[in-house]
Structures are given as structure tokens and as C-alpha cells.
Amino acid sequence: MSIRYDDARHLLTLETLNSSYQMKIDRYGYLQHVYYGHRISGQDMSYICKEYDRGFSGNPYAARNDRGFSLDTEGQEFSTFGTGDYRIHGLRVRNADGSCLSSLFYEKHEIVKGKYSLPGLPAMYGAADDAETLVVTLSDRATGLKARLYYGVFESLDVITRAAEFVNEGAESVCLLKAASVCLDIPYGRWDLLHFHGRHCMERQPERAPLPHGIQVVSSERGMSSHQHNPFIIVCERGADESHGDCYGLMLMYSGSFKAEAEMDQFGSSRLVMGISDTGFSWTLGRGESFFTPEAVLCFGEGLGRISHICHEAIRRHICRSRYRLEHRPVLINNWEATYFNLDEETILGLAGEAAALGIEMFVLDDGWFRGRNDDHAGLGDWYTNHEKLPHGLGALIKRIKALGLMFGLWVEPEMVNEESDLFREHPDWVLRAPAREPAAGRSQFVLDLSREDVQEHLYQAMARLLKENDIGYIKWDMNRCICDLYSAACESGRQGEVGHRYVLGVYRLLERLTGDFPEVLFEGCAGGGGRFDAGMLYYVPQIWCSDDTDALERVEIQYGTSFGYPASSMGAHVSASPNHQTGRHMPLSTRGVVAMAGTLGYELDLRKLSDEDKEEIKRQIRQYREDEPLVHDGLYYRLTDMETLPSHAAWQYVSRDKSTSLVSVVVARTRANEPLINLRLKGLDPGAIYEIRETGEKISGAALMYGGYTLWQMHGDFPSVQLHVRTID
Ligand code: DGJ
């Protein structure tokens, strides 16, 4: 039993292998947050919440003579706006009387076996034995608005999920102005906030700073989770490192605009609130209607590395659903950086022929293959073959590529339309735009209004036709601009605040149908690289193109930041040309391979221009990748270097679950004179076992490799790299 109710003490306790979460129905009927942290096995933790009369923290009416009791100081399971808790809130409404106030009181709870699901939204899943669900119903007695708080407890995984459902059981309609997924109070301690910011071509850069008094906000208002901020944060004890210190991970399974807020209040207590961004958001609930928030995945553990392990496992086994989630991903060649829009049948077949000879398994035809698409000004929306470039048609091209022994994959960008397209000419009202206002363009394209069911249906039919008429084993689902001009011609004027979220629900609905109807197809997510790299998308696609920056050195940093929340199996990574197209940097092919093999390996360069020596190196890389892939994609991942040492060298390691095999990768970013040695302390090995390093033949104990480390000679030259295969000897 991972969820228990102590009737005498009014305590609800959720327990995982290494963590406990506790809440209490307090004496006035509010649902108080008591504790989340190390496992405390059945202990009533409410003794830590001492009350005293604190100036300027008022008391609810029922407690007007009980001045120690204040919503402003008590931990709250779901804080509301306007009724005496002045800290950041999870719920703000507009009632029929015009007030924005609400207070939520405990009504009942229910504990059920298995994990709840959320209609129309991604959510962690598990077998009946993997998880238990707690649903606590709270109600606003003044209006009849109910909040059902959902908790999913994955005991052995050390994960607790949260989501909320708001149901209007009152007589009048009510408008939600903010409906967060999670509110978490941490009453004591000094904390750092680690979040992942970025830009196009440099996503998910870790930034860590002490949580000061006041509010810190990390958010996206771009309609997508965005390149700029990621819906994943870690709050860790000051001084915490990869292996030590209390850490909380909060991951929102959502692909649209989001907000993560962290506040340290006047008494040093911290609160985290995360969910759909409330900027511009509103959602009207008529009588009997309900609204579900996206799910938040919470975990607690010792050290940043532990948080990553929990998130990786959650994503691999309880979020991704594709049949490919734990299977070999075909090594692919993508023609984008080889041809850009200048593709034709002969070039494509030439590249495919070279790819087949090298042992590559799939050809991916990127942007430019469809009607009117010669540059990025035209064509999006018209998903028919461009016969000028492919005179014999897409089907014939696929046949010839398959005859070479390759799978075939195709690029699409279904959510977008160019003004210069038949689709736009036929349906100008299908784009997001407000009346009497020209919509902003991004990469010369407009955003289709996926909040509309007719638009979703059209896109389903267009994509299903492509997949039915052609032998396609992979789809790259791209999205190349941020969303603005949020207004839907199909939505009444008073409900336009719903359009942003309805768009995301539309994308999810479309992906759910397509991935369900075409389960054999491997879908890869993409949004100008990693602009929509989030756990929501990973419910539908097992891998996402990590970044449009394919420079191996930049990728070391991007993949490093991404690794805090997301597993290697989710990161699309390609070997591209040298000099690199984004940075002009020259990089040895071996190092480009080491970096791309840390994700789902692909190649994206003109294979026809390679020397024989390079071709042999690629063949070797593919053989090695196939051997290492189970370890890389399903092993435990360790960061051996941190942000400070990255300017000199970066190292990371994978360890199999039984600790018998490990792979260490090192990339030197800057070789330094008179600094001949690099010492790496390995992690996660069996201290009592003897390991052999394949590349050197050395035999060293696990304890020695972890506590004394392994010392490498500094490598000279431009960005050298090395990989060490470490295995126990019998
Ligand atoms: C952005 C993607 O991230 C690239 O890989 C490529 O597919 C282009 N779009 C094509 O327009």
C-alpha cells in the first residue's frame, strides 16, 4: 500500500521506495501540505508545522479568534487566490458575481489501484501493480466549484504524479483564470533553482541560482514548450551535486505555454507552482462542465544524478508508448544538411545508395519534397509530391530506396500553412488570426487552427493518406515557428482565452489518432530542432530532434543540459559535415560519431563527398552503435563532468542495470599545454567486481575506478575524443 489514510490524525501519506509525501485535513477543513522528502515511514510529520500569530498574515473567518492559523503561513496542497494566502497560487477564477476569489475545503478522498489517466492529455501509465491513485475532492462552498486533486504513486520508481480536475457543480458558470497542475510547499531550507533556458540552436542550457526572497518565473508564452525554457525544473539543496543533497524534480507533461514559479516567502518557506501559463488563459465552465490540467511528474532524491535516473526511467517505461520505445532505432541518413531544398530524384537515390553501402538502415527525405516547395515561402499545407523534383512520384522513389534495403522516412510539418499554398487559398479562415488584424508570420508561415475539429480532421486525412499510399516507416513531425495571434474563428468571442490550450489538445488528438492507427511507424518530434522537447510530446513520439545545431561541440552542451530530465533514447543526434554548417567548426569524424552515438544515431551530410577512410569510419561507428545501443538507451546515465569543467573536457558514462558493462565517453573541448592527465571518477560500478577496459586491456576493481578514478593521457589535436568499454571479468 503506497497510499494510507490515518483517520484519527486526518493524515494522507503517500510512500515510494525512498520518499514520503504527506498532507493533512486541518481543523478548519483545508487540505494542508505537511511534508515531501526522504521516506519517514508512517511518522506524523505535522509536528514540524508550528503555528504562532504572525503579523499581517490574516485568519479565515472561522479562525478569526485563532490567530496562529493563517492560509498565508500554512502549507497548502492547492493554494487559491484572494482569500488570505498571499503567496503564489494554483487557482484563480472569475465567479458569476465578478469576484476572483475561491477557497477550497476537503470533502472526500478515494484510493484506487492503478494509475489514473487524463482525457485528451498525456499522462504516465502503468500496470495495476505499478501505481496507486489518490483522488482528493475539495470544494468551494460559496460557488459549488469542485477541485479533484489526482495523485499517482509509482512506488518502486520514486515518482508521484499530480493533476487537477475542476468541476463546476454550482448553479452559475465560473471562469478559470489560472489552473495549475501542481502546488508544492517546502517549508524549510535554502534552495537553488536549476532550470534549462536556451534559444534556437542552443536549447536546454542549465542555469542554477539560489532561490531568493520573491518570485522567480520560468515560462513560455510561445504556444509551444519552446527553445527558450523547458517545462522541467529541479529545486535542490544549496551545495547539492550529482550525488549528494536533497533534490526535487518537477516535469510538466505539456507542450504548450507553461509557467513554473518558485517563491521564497517572508518566513523562508518556499513554494513551487507549475502548470499551463495563465497569461492570456481563461476557460469557462458551464454547469456540470469540467476541466483537466496537464500532469506534473514529481520526484525526490539524493543528488541531481538520481533525479535524472528517475526521470529517464519514467519517460522510457511509463511515458513513451511507441513500439520503438525500448527497441533498436534504425540508424538514419537525413538529406537536409546535404541538399536543403535542392533535392531531386538522382541526388536522393545517390545518397541512399551510399547510405546502404555504409550499413545505414533508413533514408529520411526532409523538407522540400512536396508541391510548390522550393524554398520556405511556399508549399506548406499541400502534402502532395513535387513532380518537378520527383518526376516519377514519391511512391516510385520509395520503392527504389526500399530496393536498396533501406527503410523510408518522411518529413512533414502538418500544423503549418504558407500563404502561397492551395490549402490557404481554399481555407484562409483555418489559420489562427484575429478579425481585422493581419497575423504575424514566422519563417513565412501561418499556424493552422488546430483547436478546430475540421482542421484536425483534414490533417488526419492528409497524413493518413500519405501513410496508407506509401511504404513509410518513420515520420519527422516538424513545427517551425512560435504561435501568436491566438484567435479562432470557430470559437465564440468570450472564450478566446481557451484557444491556446485547445490548440495543444488538437495536436495531441491528431497524434493520438495517427500513432494509434499506424503503430508500426516511428515518429520523431521536432520544432526547429528542440523547440518542443517535453514529456508531453514524448508520450506520442519516442524521440525528438534535439537541436538544429549539429556542431558536435555545441551538441555536447545541448545534450548535457537535456540529460538532466530526458534519456539518451529520446535525443535525435546526427553526424553532420565538417566544417559544420552552423558554426563553421572543423571536427574529426570520430568525435562527431562519439557525440551522435549519445542519442539516437543518424547521419546528415553528403555521403557522396566522403573519402574512403571516412566511409570506413562510419561503418565502424554503426557497428559500434548497434553493440552499445542497449546500454546507451536503457542503462543508467552519469554525468562525470559539470558545467565548470566543460570548457576543458566533457565526460559521461552509461552503466548496465546489472553493473556488468559500462561505456565512458570523453570529448576534449580544449587541449591545454602542460596538463597531461585527465582523471575521471567513474560511477555506478560494483565496487567488489574487477573490470577490464577493452581499449587498453587494463584490469581494475570497481572500487578503484570509482574512488581513485581512471586517468587518461591528455589527447592532442582538434577536439579529440575517446570511448572506453568497461566490462566485468568472470
Ligand atoms: C527544422 C528542422 O529542425 C530541420 O532539421 C529541418 O527539418 C528543417 N526544419 C526543414 O525545414
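The values are calculated or read from the model by the stated rules, or taken from the named source; none is laboratory data. Note that the coordinates shown come from a computational prediction; the quantities given were computed from them, not determined experimentally. Heads up, the Cβs are rebuilt from the backbone with ideal geometry, glycines too, and the neighbour counts pull from every protein chain shown. Heavy atoms of the whole protein, side chains included, go into the accessibility calculation; ligands, DNA and RNA do not. Shrake-Rupley method; radii C 1.70, N 1.55, O 1.52, S 1.80 Å.
Determine, from the Cβ-Cβ distance of Glu169 and Arg626 and an R0 of 60 Å, the FRET efficiency 1/(1 + (r/R0)^6), rounded to the nearest 0.05.
Values: r = 57 Å, r/R0 = 0.95.
Computed FRET efficiency for Glu169 and Arg626: 0.60.
Accessible area per residue of the chain at 1.4 Å probe, in Å²?
Values: 26680 Å² over 730 residues.
Spelled out: the 1.4 Å probe surface of the chain, per residue, equals 37 Å².
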Between the DSSP loop rule and a limit of at most 15 other Cβ atoms within 10 Å, which trypsin sites (Lys or Arg not before Pro) in the stretch 84-171 are left? Arg141
For the chain, the longest principal axis of the Cα atoms and the Cα long axis of helix 345-358 enclose an angle in degrees, to the nearest 10, of 90 degrees
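Among the trypsin sites (Lys or Arg not before Pro) within the stretch 8-61, which fall in a DSSP loop and have no more than 13 other Cβ atoms within 10 Å of their own Cβ? It would help to have the intermediate numbers written out before the result.
Details: sites: Arg9, Lys24, Arg27, Arg39, Lys50, Arg54; in loops: Arg9, Arg27, Arg39, Lys50, Arg54.
Hits after loop and neighbour filter: Arg9, Arg27, Lys50.
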Which whole-percent values make up P(r) of the chain when all C-alpha to C-alpha distances are grouped in 10 Å steps starting at zero? 3, 14, 24, 24, 19, 11, 4, 1, 0
Among beta bridges that DSSP assigns inside the stretch 313-435, antiparallel share in %, nearest 5: 10 percent
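Between Asp517 and Glu675, what's the calculated FRET efficiency when r is the beta-carbon distance and R0 is 51 Å? Round to 0.05. Walk me through the numbers before you get to the answer.
Values: r = 57 Å, r/R0 = 1.12.
Plugging the Cβ-Cβ distance into 1/(1 + (r/R0)^6) gives 0.35.
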Radius ratio Rg over Rh of the stretch 428-541, counting only Cα atoms, Kirkwood formula for Rh: 0.98
With the charge dipole of the stretch 649-728 built from beta-carbon charges (+1 for Lys and Arg, -1 for Asp and Glu) about the Cα centre, the Cα from Thr728, Met715, Pro676 projecting farthest to the positive end belongs to Thr728
5 Å is the cut-off here: which amide hydrogens, built 1.01 Å from N in the peptide plane, fall below it relative to Glu698, excluding neighbours closer than 5 in sequence? Ile693
Ignoring ligands and nucleic acids, Val722 exposes an accessible area, probe 1.4 Å, in Å² to the nearest 10, of 40 Å²
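For the stretch 295-429, with only Lys/Arg (+1) and Asp/Glu (-1) charged at the beta-carbon, what is the dipole magnitude about the Cα centre, in debye rounded to 20?
That gives a dipole near 980 debye.
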Put +1 on the Cβ of each Lys and Arg and -1 on the Cβ of each Asp and Glu in the chain; which of Val666, Gly531, Ala464 then has its Cα farthest toward the positive end of the dipole? Val666
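Averaging over all projection directions, find the projected area of the Cα convex hull of the stretch 82-155 and quote it in nm² with one decimal place. Mind dumping the intermediate values first?
On the way: hull surface 26.2 nm².
Value for the stretch 82-155: 6.5 nm².
Using only C-alpha positions, report the orientation-averaged shadow area of the convex hull of the stretch 214-340, nm², one decimal. Provide the component values of the computation, followed by the final result.
Details: hull surface 52.3 nm².
Its average projected convex-hull area is 13.1 nm².
Which percent, nearest 5, of DSSP beta bridges in the chain are antiparallel? Let's see the in-between values first.
Values: 137 of 167 bridges.
So the antiparallel bridges in the chain amount to around 80 percent.
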Separation in nanometres of the label points that stand 7 Å from Cα toward Cβ, at His392 and Asp429: 4.5 nm
Apply the a/c threshold of 1.5 to the C-alpha gyration tensor of the stretch 3-318 and tell me whether it is rounded, prolate or oblate. rounded
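Is the stretch 313-390 rounded, prolate or oblate when judged by the Cα gyration tensor, a ≥ b ≥ c being the square roots of its eigenvalues, rounded requiring a/c under 1.5 and prolate requiring a/b larger than b/c?
Details: a/c = 3.13, a/b = 1.53, b/c = 2.05.
It comes out oblate by the Cα gyration axes.
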Roughly speaking, what is the centre-to-centre gap between the stretch 234-283 and the stretch 509-575 when only Cα atoms are used, to the nearest Å? 23 Å
Between rounded, prolate and oblate, where does the stretch 490-542 land on the alpha carbon gyration tensor, with a ≥ b ≥ c its root eigenvalues, rounded for a/c under 1.5, else prolate if a/b exceeds b/c? oblate
Run the simple label-point estimate for Arg9 and Glu453 please: 7 Å along Cα→C-beta, distance reported in nm. 5.0 nm
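Could you order peptides 318-329, 204-215 by the average number of other Cβ atoms within 10 Å of their residues, highest first? Don't skip to the answer; put the middle values down first.
Working: 318-329: 19.1, 204-215: 14.5.
Ranking the peptides 318-329, 204-215 by packing returns 318-329, 204-215.
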Taking the simple approach of a point 7 Å from Cα along Cα-to-Cβ for both Glu613 and Arg323, what is their distance in nm? 4.3 nm
Which far-off residues, 5 or more places away or on another chain, put their amide H under 5 Å from the one on Tyr384, with H placed in the peptide plane? Arg371
Sketch the reach of a paramagnetic label on Arg443 as a point 7 Å from Cα along Cα-to-Cβ, and name the residues of the stretch 239-259 whose backbone nitrogen lies under 20 Å away. 255-257
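On a full-extension model of 0.36 nm per residue, what is the gain between Ala704 and Arg64, subtracting their alpha-carbon distance, rounded to one decimal in nm?
Working it through step by step, the gained length comes to 224.0 nm.
Of all accessible surface on the stretch 3-318 at a 1.4 Å probe, what whole percent is carbon and sulfur? Can you show the working numbers first?
Details: 5520 of 11160 Å².
Heavy-atom surface of the stretch 3-318 belonging to carbon and sulfur, 1.4 Å probe: 49 percent.
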Expressed as a whole percentage, what fraction of the accessible surface of the stretch 649-728 belongs to carbon and sulfur atoms when a 1.4 Å probe is rolled over the protein heavy atoms? 52 percent
Count the lysine pairs in the stretch 3-318 whose Cα atoms sit under 20 Å apart, keeping only pairs 8 or more residues apart in sequence or on different chains. 6
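Just to verify a number: FRET efficiency for His586 and Glu695, C-beta to C-beta distance, R0 = 25 Å, to 0.05?
Details: r = 25 Å, r/R0 = 0.99.
The formula returns an efficiency of 0.50 here.
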Excluding ligands and nucleic acids, what accessible area in Å² is computed for Trp652 using a 1.4 Å probe, to the nearest 10? 20 Å²
What full-extension length gain, to one decimal in nm, is calculated for Arg400 and Glu345 as 0.36 nm per residue of separation minus the Cα-Cα distance? 18.8 nm
Sum of -39500 (n - 2.57) over DSSP H runs of 4+, divided by residues of the chain (222 nm, nearest 500): -6000 deg cm²/dmol
Taking placed amide H atoms and a strict 5 Å upper bound, the residues 5 or more places from Tyr540 or on another chain that come that close are none
Could you give the angle, 0 to 90 degrees to the nearest 10, between helix 304-318's Cα long axis and the longest principal axis of the Cα atoms of the chain? 80 degrees
Can you compute 3J(HN,Hα) from phi for each residue in the stretch 456-473, using the Karplus curve 6.51 cos²θ - 1.76 cosθ + 1.60 with θ = phi - 60°, rounded to whole Hz and x for Gly and Pro? 4, 5, 4, 5, 4, 4, 5, 6, 5, 4, 4, 6, 7, 7, 10, 8, 10, x
